[in-house]
Structures are given as structure tokens and as C-alpha cells.
Amino acid sequence: MNILKNFPLTIGITELRNNISQILKTIKKQKKIGIILSKNKPQAVIIPYEIWENQMNNEQNNNIEKKGKKDLSKELPDIPVKSEKIIKADDLFNIPL
């Protein structure tokens, strides 16, 4: 088992400049993340487009789900119910929102 398989690639800025085509091919083929270093400090990240696209779709779906829950809670009216009054089902649908 290769322990380093899941670790991101670290790529110096000069190495990136000189070998960008090969680096992009490696990142895409191995489905790895590349961390771009400048003076040994992380500056940027390169990820395969497929991983980025999946992440964006997941975030978009999560946002839609959250928005749907928020919108639904705003649309549900508070229905005051008093114990001495019986509310008919027909009256529930005539409550102004």
C-alpha cells in the first residue's frame, strides 16, 4: 500500500512555470491536489476539474436544500389556536399569510 498516494503534490513556483503541462496531466490523471509553493509557503491550490465540479455541485445542492428549508419556514403561518374555539379545516385555508 502506498501511504503517499493520498497526499497532495507540492509544487514550487519555478517548477510550475517550467513544467505546467506535465504537472496538469499528472494532477488530472492521478486525481491529486497540487499545492503551489512560493518561498516554501503555500500560495495556491490546483485540483482536477472533476473534483472541483463535484464540490460545486454538492455546495449548490446544499444551498438549495438550506434555502428551501428557510423559505418553507417563512411560508408557514402561525395559526393561533384557543382551547375554547374549534377551528374547522376550511378555516385553516382562509387564513391570510
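Any read-out appearing in this document is the output of simple, stated calculations on the displayed coordinates, not a laboratory observation. Keep in mind that this is a model prediction, so the values were computed, not measured. Cβ atoms come from the backbone with ideal geometry, glycine included; neighbour counts cover every protein chain shown.
Suppose each label sits 7 Å from its Cα in the direction of the beta carbon; what would the Ala44-Thr10 distance come out to in nanometres? Going from the Ala44 label point to the Thr10 one covers 1.9 nm.
Over the range 1-51, what is the relative contact order in percent, taking alpha-carbon pairs closer than 8 angstrom and at least six residues apart? Walk me through the intermediate numbers first.
On the way: 62 pairs, mean separation 18.0, N = 51.
In percent, rounded to a whole number, it is 35.
A Cβ-based charge dipole, computed about the Cα centre of the range 1-51 with Lys and Arg at +1 and Asp and Glu at -1, lands at about 40 debye.
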